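Accompanying notes for the structure given below.
The values are calculated or read from the model by the stated rules, or taken from the named source; none is laboratory data. On a predicted model such as this, the values are computed, not experimentally measured, just so you know. Here the Cβ is made from the backbone with ideal geometry for all residues, glycine too, and neighbour counts use every protein chain on show. Keep in mind that these areas ignore ligands, DNA and RNA; they rest on the heavy atoms of the full protein, side chains included. Shrake-Rupley method; radii C 1.70, N 1.55, O 1.52, S 1.80 Å.
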Amino acid sequence: MTVETKLALTGEDVRSYSESNREPEWLAAKRSEAYQLAETLQLPKPDKTKIQNWNFTEFPVHATKDEPLTGLAELPQEARALIDIENQKNIYVQRNNTPAYLKLSDELKEQGVILTDIFTAAREHSDLLQKYFMNDAVKVDEHKLTALHTAFMNGGVFVYVPKGVEVKEPVQVLFLHEGEDVSLFNHAIIVAEDNSSLTYVENYLSLSKDSKGLVNIISEVIAKDGAKITYGAVDVLAEGFTSYINRRGVAGRDATIEWAIGMMNDCDTIYENVTHLVGDGSVGHSKSVLVGRGDQKQNVTAKTVHWGKEAEGYILQHGVMKDEASTIFNGIGKIEHGASKSDAVQESRVLMLSEKARGDANPILLIDEDDVTAGHAASVGRVDPLQLYYLMSRGISRVDAERLIVHGFLAPVVSQLPIEGVKKQLSEVIERKVR
Amino acid sequence: MSTLEIKGLHVEIEGKEILKGVDLTINTNEIHAVMGPNGTGKSTLASAIMGHPKYVVTAGTVTLDGEDVLEMEVDERAKAGLFLAMQYPSEISGVTNADFLRSAINSKREEGEEISLMKFIRELDSKMETLEMNQEMAQRYLNEGFSGGEKKRNEILQLMMLKPKFAILDEIDSGLDIDALKVVSKGVNEMRGENFGCLIITHYQRLLNYITPDKVHVMMQGRVVKSGGPELAQKLEAQGYDWIKEELGIEDETVGQEA
């Protein structure tokens, strides 16, 4: 691993990084504009979590250069376990900031499907990328972190599915973190054109135990009219990172976006998962589970914004808190004026496994339209003693009974993940974290 | 032969004494019925034996073949051979019925002696057939969204799979129509034998038309006030409880009233 750029980037550093990637002029200009905005914009203000003293700006190294892989078998065991090496036809692997491996089936290539790292996308599909990059889903000037992200973007993936194409097998993406100095400013763009469909599964996996770096990740997910995108993610990032992870979707008419996100980081993290239900009849499902341990501090916002008529938004957040970890869960259903017959439903539940842990569930409904339905359920509590009694009365020990209850509580996301290796990994991570 | 012996059992819930000295001895190969009107302490007896967290035993003993049951954790009671078919079983989201049952069966076995998946499935299929349960119930989350009748059948399914020495059935008949009652009874009758004893708690005689008890006990005011053979249940069905109250000089049979 060789170091390319040193600490504290200047505007010049950003320009030369952009040049070294042979980025098109529009992207270089956007980065430079973002860099200036980043100097003046404020940090976001996640509800009930003070992040003013979190470090989101300093990191040891901007971009590392690592060796690409010649084959998936070269991956360390922990990463390899996520992949069905023989049968996984469409996969992108990134090691730290280096695109390391790419495979896309001929069949999908012929149908015009694009799967590539973000830098190649900028060079080879410049117009397409420009259309979606920090435009419809996330804007550069929302706050300091969106601007920093744009200026410092150092990795990511681009997936594009043309009109009417149904991608039957999941596209798998692996972002690996190896080394303490690494920072990840990854950008994912997932676009499904009219009446197409895609299942996308990404893993963030730390192979190093510790980190001094930053994570500032943005995913922009665009489902055009009648399209369906299923987005699965499991984040297992090491202690020491300060993380901002923003996954945002825009659904067109009769389009569906389904999220299943396993938030298993060991670092302080600000999470955002927003689905804009723009088209009439669009549907958004946001399911996420989280385990907090140690003295981790996290803030999770799941939000559906209803613009179209008869838009359906569902949010499920389940969190397990142990040790002295603290997490705020915000569930927001926002129905804009004109989004008649919309339905916004949410459920936020927090299970406390220790006295010192903290978990808050804040259900929020913001409704500017009369003819709608909405509902929320929220709870924070300990393992139900009657559930424990019931399981134990069948001979199951207290420890195993608690384990079963916790796994069951987090099952809504585990059961949704379409790749067996990823499903198994999430179960194992849960097991490891709650033990 | 195994013996479950309850002696002078006093039990409180939230500071209120419900059981005021229950004596009862059950052997394997016997089926006992505990009857009595509502509010006389029948379900409390069941819960206290199993170790429900809200019930506090203040005096008396429960032993299984001489072993002190009250000293045991709930799971140890189950491993010792006790089973309670609950009136209100918990719903556990995200845990399938099948996974739960396998965990329960394996918890009673030594490591390395776990039931094989094939054997488990075979046995589960056959018991579910006996209980006329839809096979898809095995893959549903434990009791979640089950109807009242489905929950009762599921309790009996667990009984049949776990094969305890002693089962207590807490109002397994409540809310069941006659067909479901027959099915549930069939399951219990299949368990009957030398290695199985059962305590059926009910306030209706109708379940006892399908599962003939060896002994019948009547509870009032937190005690067993009368015991007899199956003919006692018949008499209660025909004449109600008033004659017992008269005989014993009881005005209000519920707990909290003294004779």
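Here is how the numbers come out for the structure above:
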read-out	value
Only one of A:VAL399, A:VAL434, A:VAL383 that is among the β-branched types (Val, Ile, Thr), within 12 Å of chain B (Cβ to nearest Cβ) and out of contact with any Asp or Glu (no Cβ under 7 Å at 6 or more places or on another chain)	A:VAL399
A:ARG394, sole failed condition from (1) basic (Lys, Arg); (2) in a loop (DSSP other than H, G, I, E, B); (3) more than 14 Å from chain B (Cβ to nearest Cβ)	(3)
Pairs where the first residue, in segment B:6-33, is without any contact (Cβ under 8 Å) to a residue 24 or more places away in the chain and of a type in the set (Ser, Thr, Tyr) and the second is surrounded by 16 or more Cβ atoms within 10 Å (Cβ to Cβ) and outside any loop (DSSP other than H, G, I, E, B), C-beta under 7 Å, 6+ apart	B:THR25/B:THR3; B:THR25/B:GLU5
Hey, B:THR25 surrounded by fewer than 23 Cβ atoms within 10 Å (Cβ to Cβ), of a type in the set (Ser, Thr, Tyr) and either over 20 Å from B:GLU194 (Cα atoms) or at pLDDT 95 or above (or both) or not	yes
Qualifying residue in segment A:160-180 (condition: surrounded by 19 or more Cβ atoms within 10 Å (Cβ to Cβ), of a type outside the set (Val, Ile, Thr), in contact with a helix residue (DSSP H, G or I) (Cβ under 7 Å, 6 or more places away or on another chain) and at positive phi)	no
Residues located in segment A:335-356, provided they are farther than 30 Å from A:ASP370 by Cα and out of contact with any helix residue (DSSP H, G or I) (no Cβ under 8 Å at 6 or more places or on another chain)	A:VAL350, A:MET352, A:SER354, A:GLU355, A:LYS356
Scope segment B:135-151; condition out of contact with any helix residue (DSSP H, G or I) (no Cβ under 6 Å at 6 or more places or on another chain) and over 19 Å from B:ASP99 (Cβ atoms); matching residues	B:SER147, B:GLY148
Single condition A:LEU388 does not satisfy, out of (1) more than 9 Å from chain B (Cβ to nearest Cβ); (2) farther than 30 Å from A:GLU169 by Cβ; (3) not charged (D, E, K, R)	(1)
Extreme residue, farthest from A:HIS407 (Cα to Cα), among residues of segment B:117-174 that are open to solvent by 20 Å² or more (accessible area, probe 1.4 Å), touching a residue at least 40 places away in the same chain (Cβ under 8 Å) and outside any loop (DSSP other than H, G, I, E, B)	B:THR130
Output for segment B:32-64, where each listed residue is part of a strand (DSSP E or B), in contact with a helix residue (DSSP H, G or I) (Cβ under 8 Å, 6 or more places away or on another chain) and closer than 23 Å to B:ASN209 by Cβ	B:ALA33, B:VAL34, B:MET35
Filtered residues of segment A:252-270 (kept if in contact with an Asp or Glu (Cβ under 9 Å, 6 or more places away or on another chain) and open to solvent by less than 10 Å² (accessible area, probe 1.4 Å))	A:ALA255, A:ILE261, A:GLY262, A:MET263, A:MET264, A:ASN265, A:CYS267, A:THR269
Any hit, segment B:87-109, residues being in a helix (DSSP H, G or I), more than 9 Å from chain A (Cβ to nearest Cβ), within 28 Å of B:ASN27 (Cβ to Cβ) and open to solvent by 10 Å² or more (accessible area, probe 1.4 Å)	no
Within segment A:80-159, strands (runs of 3 or more DSSP E) holding 3 or more residues that are touching a strand residue (DSSP E or B) at 6+ places or on another chain (Cβ under 8 Å) and open to solvent by 20 Å² or more (accessible area, probe 1.4 Å)	A:98-103
Residue count for segment B:53-80, restricted to those that are more than 10 Å from every other protein chain (Cβ to nearest Cβ), open to solvent by less than 40 Å² (accessible area, probe 1.4 Å), more than 18 Å from B:HIS10 (Cβ to Cβ) and in contact with a strand residue (DSSP E or B) (Cβ under 7 Å, 6 or more places away or on another chain)	1
Residues being part of a strand (DSSP E or B) and not charged (D, E, K, R) - total across segment A:372-391	9
